[in-house]
């Protein structure tokens, strides 16, 4: 209940400032909006706070792509991630399947503000190519996940709006709207359900640039690692507009793996392990 | 009985070894493919084949790693059989090398491929590996190069030092092959400026760094020129082209600025040999429009210009092939499950009649097959141009590869 106190305190401060600065305006409506924004942001500040200190991790990811006729295609990917103290995470993604792109690697330095730095390694030519991180709305490997759906969560990437509390599969959840700050995002907004108990994302709805419901992502099989950090073992993305879906299965999650900066430089892109 | 016994002993020994000694992980992958190339026109020169050429390729990769990947060995042999051209039937070790990863350094020793540069239509600064001229017409396939490479990772960039013992001669189409001039290149009687010949020890040092939106690279190379001089000689009844490789010093610089949807690219080299000194540049941009027509597809537009201080050739000097050439390309990636891609390109000499048109398309079939289509249309009416001698070699290639 520490959090509640925190939120209350923050709300009090904010109410105070808005009342002073907007004294002569119709403060009530503005206050309500601001309250919802502050509460939304508070919830995600706590989500972020609870996910600080995991250090580094390795995982294998299986992507199962399905079209509306039920035909399936499988991708296998290895992901290494390194937490950064005062910036977004560094991650190295290496493809194993489909076999024609085996060894293709993707290095990303995400930043709390501004565009991420990204490099792609093409093993057939042995070529490292810096790529534009502007392409965030494009599909990742033909799946229903966009590149931006994989980038590390940073508080300042969104504006927030608290929508209320709702039960989801028997779990008490906060329901918060997020508006991407970056105009290159493929979404006008996301609606996120976060459980009140552990502050884990349970469900996300994505609205396209025309503000129509595009996709729904549901998280399953949350497991706790090194005593603190929750990771979903499966994520299912359903595209409502084209009838396709993509299921992610996370296998062999490992923390404290000894990964350091040397595993995330441009040379690391060319290694095979 | 004894065979079974010894097999069992070996198996037990292997199991024990893999558990007691260092835990070695082994992995294999690779591809086999079949390619059919069809030439639109009949051949221009005697002994060349007409119509089609069928070829098969095998390109496996074996990989062993231990110490959690800090040590590894990669072996990647390559073999192509060609139904028409004996020279295109060839074997090469693309890679056979050992890698050790330290905290802020790497050691790589053996036969390897190393790619440098940022531009798409000409790879000026890419100098370590010899071009496998028979394997693909675009020159993007390279022969393995023997090397010892130490890579040092610093705050101010990555420094790579290379010792390159031994030299690989370029591969050329044979007498029966297409995509060659009127004379075939002699693979024997190759001569060198250096008295050490093909055993000259080459050296290179390269620095690369990322600074904000800028990725830069600069290097110095000292050793055997990868580009041969070809001189016509009479050999009995036959006229042949003899290969001569001189020594060169080369400075190279490459830069890419990643600004929003634009990638600005620049490459330049300065090459000094006993015959001549020259500068050359390749510069341009790549623009990507994400999600054309509200679809998942991307449209890329590429524009590049080539310049060379040697200028156009005349009766006294060969000049440069790309002294004032313009390239335009358009890349469409559907971003679908099959990774369907299409690249259309055109390159033209702004001073001469020489134009090349190309189409490259590919699509995955199922989980592990890939089909690709390659079209090249070559036009020239100027006998000073290399393309003039290939003007009958418009072709269409269809490749089917199985990846494992």
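The values are calculated or read from the model by the stated rules, or taken from the named source; none is laboratory data. This one's a predicted model, so the numbers in the text were calculated from it and none came from an experiment. Using ideal geometry, Cβ is built from the backbone for each residue, glycine included, and neighbour counts are taken over all protein chains shown.
Scanning segment A:101-123 for residues that are within 11 Å of another protein chain (Cβ to nearest Cβ) and assigned to a strand (DSSP E or B) returns A:107, A:109, A:117, A:118, A:119, A:121, A:122. Scanning segment B:253-293 for residues that are assigned to a loop (DSSP other than H, G, I, E, B), touching a strand residue (DSSP E or B) at 6+ places or on another chain (Cβ under 9 Å) and either more than 9 Å from chain A (Cβ to nearest Cβ) or over 23 Å from residue B:210 (Cα atoms) (or both) yields B:273, B:274, B:275, B:291.
For residue B:222, the stated conditions do not hold, so it cannot be described as closer than 30 Å to residue A:117 by Cα, surrounded by 13 or more Cβ atoms within 10 Å (Cβ to Cβ) and in contact (Cβ under 8 Å) with a residue 24 or more places away in the chain. Determine if segment A:245-268 includes at least one residue that is in contact with a helix residue (DSSP H, G or I) (Cβ under 8 Å, 6 or more places away or on another chain) and assigned to a loop (DSSP other than H, G, I, E, B). Checking segment A:245-268: at least one residue is in contact with a helix residue (DSSP H, G or I) (Cβ under 8 Å, 6 or more places away or on another chain) and assigned to a loop (DSSP other than H, G, I, E, B). Count of segment A:104-115 residues, restricted to those that are surrounded by fewer than 20 Cβ atoms within 10 Å (Cβ to Cβ) and touching a strand residue (DSSP E or B) at 6+ places or on another chain (Cβ under 8 Å), is 3. Can you spot a residue in segment B:91-98 that is over 19 Å from the mean Cα position of the chain (by Cα), touching a residue at least 60 places away in the same chain (Cβ under 8 Å) and more than 30 Å from residue B:301 (Cα to Cα)? No; the residues of segment B:91-98 include none that is over 19 Å from the mean Cα position of the chain (by Cα), touching a residue at least 60 places away in the same chain (Cβ under 8 Å) and more than 30 Å from residue B:301 (Cα to Cα).
Within segment A:248-262, the presence of at least one residue that is farther than 30 Å from residue B:67 by Cβ and either exposed (fewer than 15 other Cβ atoms within 10 Å of the Cβ) or at pLDDT 95 or above (or both) is confirmed.
For segment B:99-155, a residue qualifies if it is within 11 Å of chain A (Cβ to nearest Cβ), farther than 15 Å from residue A:125 by Cα and within 13 Å of the chain's Cα centre (by Cα), but none of them does.
Under the condition of being without any contact (Cβ under 8 Å) to a residue 12 or more places away in the chain and assigned to a strand (DSSP E or B), which residue from segment A:124-176 is farthest from the other protein chains (Cβ to nearest Cβ)? In this case the residue turns out to be A:167. For the condition crowded, with 21+ Cβ neighbours inside 10 Å and farther than 16 Å from residue B:76 by Cα, residue B:134 qualifies. Answer yes if at least one residue in segment B:71-81 is under 25 Å from the mean Cα position of the chain (by Cα), closer than 30 Å to residue B:392 by Cβ, within 13 Å of chain A (Cβ to nearest Cβ) and modelled with pLDDT of 95 or more, and no otherwise. Among the residues of segment B:71-81, at least one is under 25 Å from the mean Cα position of the chain (by Cα), closer than 30 Å to residue B:392 by Cβ, within 13 Å of chain A (Cβ to nearest Cβ) and modelled with pLDDT of 95 or more, which makes the answer yes.
This table checks each residue for (1) without any contact (Cβ under 8 Å) to a residue 24 or more places away in the chain; (2) within 17 Å of residue A:148 (Cα to Cα).
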| position | (1), (2) |
| --- | --- |
| A:85 | yes, no |
| A:91 | no, yes |
| A:111 | no, yes |
| A:118 | yes, yes |
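What about residue A:199, is it part of a loop (DSSP other than H, G, I, E, B), modelled with pLDDT of 95 or more and within 13 Å of chain B (Cβ to nearest Cβ)? Judged against the criteria, residue A:199 is not a match. Looking only at segment B:368-386, filter to residues that are closer than 30 Å to residue B:229 by Cα and under 20 Å from the mean Cα position of the chain (by Cα); which one of those is nearest to the other protein chains (Cβ to nearest Cβ)? Checked segment B:368-386; the qualifying residue nearest to the other protein chains (Cβ to nearest Cβ) is B:374. Just to be sure before I move on: is residue A:191 at pLDDT 95 or above, in contact with a helix residue (DSSP H, G or I) (Cβ under 8 Å, 6 or more places away or on another chain), part of a strand (DSSP E or B) and away from chain B (no Cβ under 14 Å) in the structure I sent? Judged against the criteria, residue A:191 is not a match.
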